[in-house]
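Quick notes on the structure that follows.
The values are calculated or read from the model by the stated rules, or taken from the named source; none is laboratory data. Everything quoted here is computed from the prediction, not taken from an experiment. Cβ coordinates were reconstructed from backbone atoms using ideal geometry, including for glycine residues, and neighbour counts include every protein chain displayed. To get the accessible areas, we keep the full protein, side chains included, count just its heavy atoms, and leave off ligands, DNA and RNA. Shrake-Rupley method; radii C 1.70, N 1.55, O 1.52, S 1.80 Å.
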Amino acid sequence: MPLHIDQVNIYSLHVPFKRDFSISYETLDGSKPVVVEVLANEGKIKGYGEGLPVKEVTGEKPQTVTQAVASFVAQDAFPSQIENVDQIFSFVESLPEKKEVSAAICSLESALLDAIGRYQKKTITEYFSKDFWTDIIYYGAPIPLSDEETLIQVCAMIKKLGLTHLRVKAGADLEQNEASLRAIRSILAHNCEVRVDPNQAWDIELAYNHLPILEKYDVEVLEEPMPPDTPGFSGFARATLEAGIKLMACESAPTFQEVMRIVEQGLFQMINVKLTRSGGLTRSLKTIQYLRRKGISFQIGCSRGETGILSAAGRALGLLCRDAVYIDGSYDAFLLKENTTSQDVSFGFGGEAGPLPGHGLGVEVDPQQLRKLCFSFHEIPIT
């Protein structure tokens with residue numbers, strides 16, 4: 001008997017943070033994810049997916065995600081009667097390959113996979129190749145752009161949690177960035193690997209001025225300090241490599257097409273792959289397979305303010321990729337004041353995490369929380 005989809009609901013949420021989280025171009029006190037709910041078999045099966053639009057990177061907003069999901073569901077190719085997971089994969093493959101719909105595809109694909117997984121009593125990882133499977137992954141920790149007192153508090157918590165992979169946000173203030181690295185090393189010494197992420201806030205001159213500081217504090221990876229089409233970027237990329245620092249692409253690599261272009265240019269040694277920005281599990285794994293063939297390292301990243309639904313999908317991706325150099329995400333208990341899921345999807349000591357119990361994504365969504373956090377709701381009956 002096929003899984004019959006009766007209705008698709010779209011929730012635009014505002015999820016408050018426990019504290020402000022700053023990066024180079026903005027300070028946020030919350031996030032605005034979009035959750036897709038698939039109701040099937042007369043409401044007996046519910047599947048959930050989440051996308052987190054980042055306007056500065058993909059041009060998406062909650063309204064555009066809602067519009068895109070609604071347009072995809074209205075297509076003739078939408079699998080309203082699902083007998084095999086391949087129908088979902090074929091549908092996703094038919095959707096546009098452009099960054100402006102990435103979060104929409106991520107949320108809808110995850111909801112469909114969650115629904116069929118629950119119906120067939122399988123975890124979503126069972127629908128993908130296990131060639132790079134691992135039973136345990138280790139998450140890193142983000143350090144926001146902040147004052148010294150806050151940095152010391154964050155570093156103390158990181159030390160207590162035993163985390164060894166750090167992603168340090170940086171801005172356009174050289175002295176502040178150096179103070180951040182100095183504080184981090186003074187508390188955590190050299191027992192951790194450090195990545196610095198300016199979110200494209202530097203120009204060429206500022207980037208070169210940072211190189212001695214990055215070397216001094218043993219920074220392993222520099223994540224896209226400026227757009228790669230900035231004049232002089234190729235020379236800076238060579239200087240970074242000569243300094244023993246890997247350059248990682250992030251904002252400029254949202255889709256498979258951009259990733260291929262970046263790899264062909266040969267200026268980056270790593271790519272940051274994010275579920276919501278790449279368009280879900282299928283497209284993220286397609287990108288990762290390409291990077292493996294090309295011998296390019298990758299990390300699995302996350303976006304600020306993912307709730308338990310997207311954290312669960314990220315967990316699945318991480319477990320399918322034992323060769324990921326770093327993994328970010330599952331920050332629910334540390335960042336979110338409220339969540340969409342009944343259980344906590346955070347990691348344990350040392351960043352350690354394993355498969356989530358249960359079918360589909362492995363998490364239970366709290367419908368009361370969805371309604372409480374929702375500021376815009378859209379329902380689509382399937383006829």
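With helices defined as uninterrupted DSSP H runs, which ones in the chain have an alpha carbon span along their own long axis of at least 24 Å and mean Kyte-Doolittle hydropathy of at least 0.5?
Both cut-offs are met by 102-120.
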Arrange the residues T230, T240 by how much accessible surface each exposes, largest first, with a 1.4 angstrom probe.
-> T230, T240
Where a ≥ b ≥ c are the square roots of the eigenvalues of the C-alpha gyration tensor, would you call region 124-273 rounded, which needs a/c under 1.5, or, failing that, prolate if a/b is larger than b/c, or oblate?
-> oblate
State the antiparallel share, in %, of DSSP beta bridges confined to region 134-249, rounding to the nearest 5.
-> 0 percent
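Let's see if you can work this out: charge +1 on each Lys and Arg Cβ, -1 on each Asp and Glu Cβ, no other charges. What is the dipole magnitude of the chain about its Cα centre, in debye to the nearest 20?
Numbers: 37 positive and 50 negative charges, 125 e Å.
In total the dipole reaches around 600 debye.
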Keeping all protein chains in position, work out how much accessible area L211 exposes to a 1.4 Å probe, and write it in Å² to the nearest 10.
-> 20 Å²
Per residue, how big is the convex hull around the C-alpha atoms of region 216-293? Give it to me in cubic angstrom, could you?
-> 97 Å³
Over the chain, what is the percentage of antiparallel beta bridges among all DSSP beta bridges, to the nearest 5?
-> 60 percent
Fraction of alpha-carbon pairs over 21 Å apart in region 95-192 - percent | 58 percent
Given a 1.4 Å probe and the protein chains all in place, what does the accessible area of D323 round to, in Å² to the nearest 10?
-> 50 Å²
Helix-only [θ] at 222 nm, the chain, -39500 (n - 2.57) per DSSP H run of 4+, per residue, nearest 500, equals -11500 deg cm²/dmol
Kirkwood calc, the chain, C-alpha pairs only, radius in angstrom 21.0 Å
